[in-house]
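Chemist: Shown below is the structure under consideration.
The values are calculated or read from the model by the stated rules, or taken from the named source; none is laboratory data. Fair warning: this is a prediction, and the values are worked out from it, not measured in the lab. In this analysis, Cβ positions are derived from the backbone assuming ideal geometry, glycine residues included, and neighbour counts consider all displayed protein chains.
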Amino acid sequence: MTSPNPAWWTSAVVYQVYPRSFADSDGDGIGDLPGVRSKLDHLADLGVDVLWLSPVYRSPQDDNGYDISDYRDIDPAFGTLADFDGLLADAHARGIKIVMDLVVNHTSDEHPWFVESRSSTVSPKRDWYWWRDTREGPAGPEPTDWESYFSGPTWEHDPTTDQWYLHLFSRKQPDLNWENPEVRAAVHEMMGWWLDRGVDGFRMDVINMISKDVGPDDALRDGTDGFLFGPRLHEFLAEMHREVFAGRDADLITVGEMPGVTVEQARLVTDPARAELDMVFQFEHVGLDHDGDKWHARPLRLTDLKASFGRWQAGLADVGWNSLYWDNHDQPRAVSRFGDDSPAHRRDAATCLATLLHGHRGTPYVYQGEELGMANSTWGSIRDFRDIETLNHFAEATAAGADPDDVLATLRPASRDNARTPVQWDDTEHAGFTTGTPWIAVNPDHVEWNAAAQRDDPHSVLAHHRSLIALRHASRTVQLGDFEMLLPDHEDVYAYTRSLDGETLLVVCNVSGTPYALAELLPEAVGAELVLGNREHLPDHDDAVLGPWDARVLRLT
Ligand code: TEU
């Protein structure tokens, strides 16, 4: 991508807002669009270029908005279309683009399309969803053995027509049948409607699940072969690009969330010559601390992380483009998961992980609160949780005989709710998030960890994110430079170079509490100019020693 005029987003940083937990303007305990609007200066101060809004559309909120019942309206909990337009105008006035969350693998079961589809087997919208008869024989009655991401089978029986409909997520999220050109046309038209309204692009939810092969498949237990990266995915993405984006002169951005996507598949999807998507969210690194069972994680091995990130950096070096993220609304907080959120090390670990990530080649995504070093929360009983994935897992595991306390112990570090506690704006009772009662409890550590405490602190996690974003904006080497991994076998230190036009930057991060002599690790780093560091102001700092969670960007040439 070192073409003479690289795409604008190769130098951009995206900030993700989960509206329900960002800022509440009317005291109902639920974040909303006027709340987001009231915090735009925080985003402008941080220096981000794009605001990705998790879903704000009309929704029964079964999965916090990822179950949409009207794509062209705002859920009253979040505000109105006028509130949205106001937010968009104010964001644009600050040079911040807005990306909508496009959730079109499925709708809500309360969407008029599905209400019509389930009304009768001859409904004109019957084929807008996946309907199947009961499977006879011992394997049935569900048409296939697929398991939902939210526990239980992916098929729900509908007594009205005595057939089953497919839902990869909750039973209130029936999957759309993208084989039907009417479905695709309706989605394209809806996307055009939002682009005409001025939005700057889309983050596309589980977009690699839209092409499915729903055949009789007694053999396929988990079903991923039947719906991950199906046979017509490239065709559907290319058609979408042609029908929705081609011919629009605005600087748009598209990112596809693609669980299970490989480097090879991402090269095809993000190759500009193929006009599908600009980038994808891959999931490899957020699966390295568990073998597919997120409820039973183990410590991350840094060599595994280097192998994975190294492969993605190399794999998309000559074609395509990477997205870079640690946190989002589905992942527990990285500083607790991959770092160290103890009082002694939390600031250093959060800034170390941020440096490690932001120095890579790709577009960084900062999730709300990550810039403040927000950590996993403390969870008492199951009543503290809100996330459907978490609650369904607890119900299924305890129904299968597991001890509730044992299951609770697995939920605390892994639940998506760790990402969904309200943003910590200040040290008041509800962290300045709401004047009402928050829909989910504020992390009690907000008294110390909050934006107000960090805003004017030059050494805060917030200040460090500001500096990382400013560095990306200023440095073509950080934006486009070639990537080379160093020390691939070191279990504690992550180091790599970025090179462009004669400049070489070295990024070295000690992802542990053990100090290391720099000269022994990287002799070329000794005496190099410090471009950005996270610990040089600390009394125990020593240029020659990489301290605990020490992270440095050095200029070698
Ligand atoms: O997430 C898809 C997805 O991969 C997640 O379900 C993930 O596997 C899981 O949460 C990890 O614990 C997208 C959205 O980001 C998520 O919030 C929605 O719940 C889901 O799709 C359905 O729309």
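Chemist: Pairs only if they're at least six apart or on different chains, beta carbon under 7 angstrom, first in the stretch 259-270 and farther than 17 Å from residue 225 by Cβ, second among the aromatic types (Phe, Trp, Tyr) and more than 16 Å from the ligand (Cβ to nearest atom); list them, first residue then second.
Modeler: Correct list of pairs: 263/312; 270/321.
Chemist: Report the residue count in the stretch 268-299 for those that are over 14 Å from residue 332 (Cα atoms) and outside any loop (DSSP other than H, G, I, E, B).
Modeler: Number satisfying all stated conditions: 8.
Chemist: In addition: Check residue 18 against each of (1) away from the ligand (no atom under 13 Å from the Cβ); (2) in contact with a Gly (Cβ under 9 Å, 6 or more places away or on another chain) and name the one condition it does not meet.
Modeler: (1)
Chemist: From the residues in the stretch 147-169 that are surrounded by 22 or more Cβ atoms within 10 Å (Cβ to Cβ) and under 18 Å from residue 224 (Cβ atoms), which one is farthest from the ligand (Cβ to nearest atom)?
Modeler: Going through the qualifying residues, I end up with 155.
Every residue, every condition in (1) part of a loop (DSSP other than H, G, I, E, B); (2) basic (Lys, Arg); (3) at pLDDT 95 or above, yes or no:
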position: 137; (1), (2), (3): yes, no, no
position: 140; (1), (2), (3): yes, no, no
position: 144; (1), (2), (3): yes, no, no
position: 150; (1), (2), (3): yes, no, yes
position: 160; (1), (2), (3): yes, no, yes
position: 165; (1), (2), (3): no, no, yes
position: 169; (1), (2), (3): yes, no, yes
position: 211; (1), (2), (3): yes, no, yes
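Chemist: Confirm whether residue 472 is assigned to a loop (DSSP other than H, G, I, E, B) and not acidic (Asp, Glu).
Modeler: No.
Chemist: For residues in the stretch 330-340 being outside any helix (DSSP H, G or I) and farther than 24 Å from residue 39 by Cβ, which is nearest to the ligand (Cβ to nearest atom)?
Modeler: For the stretch 330-340, the residue satisfying everything is 338.
Chemist: Select from the stretch 122-146 the residues that are within 20 Å of residue 227 (Cα to Cα) and of a type in the set (Asp, Glu) and list them in ascending order.
Modeler: Residues satisfying the conditions are 127, 133, 142, 145.
Chemist: Restricting the search to the stretch 296-341, which residues are of a type in the set (Ser, Thr, Tyr) and within 18 Å of residue 486 (Cβ to Cβ)?
Modeler: Across the stretch 296-341, the qualifying residues are 303, 308.
Listed here are the residues, each with its yes/no results for (1) under 15 Å from the mean Cα position of the chain (by Cα); (2) away from the ligand (no atom under 16 Å from the Cβ); (3) closer than 29 Å to residue 267 by Cβ.
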{"position": "328", "(1), (2), (3)": "yes, no, yes"}
{"position": "343", "(1), (2), (3)": "no, yes, no"}
{"position": "348", "(1), (2), (3)": "no, yes, no"}
{"position": "351", "(1), (2), (3)": "no, yes, no"}
{"position": "357", "(1), (2), (3)": "yes, yes, yes"}
{"position": "365", "(1), (2), (3)": "yes, no, yes"}
{"position": "389", "(1), (2), (3)": "no, no, no"}
{"position": "408", "(1), (2), (3)": "no, yes, no"}
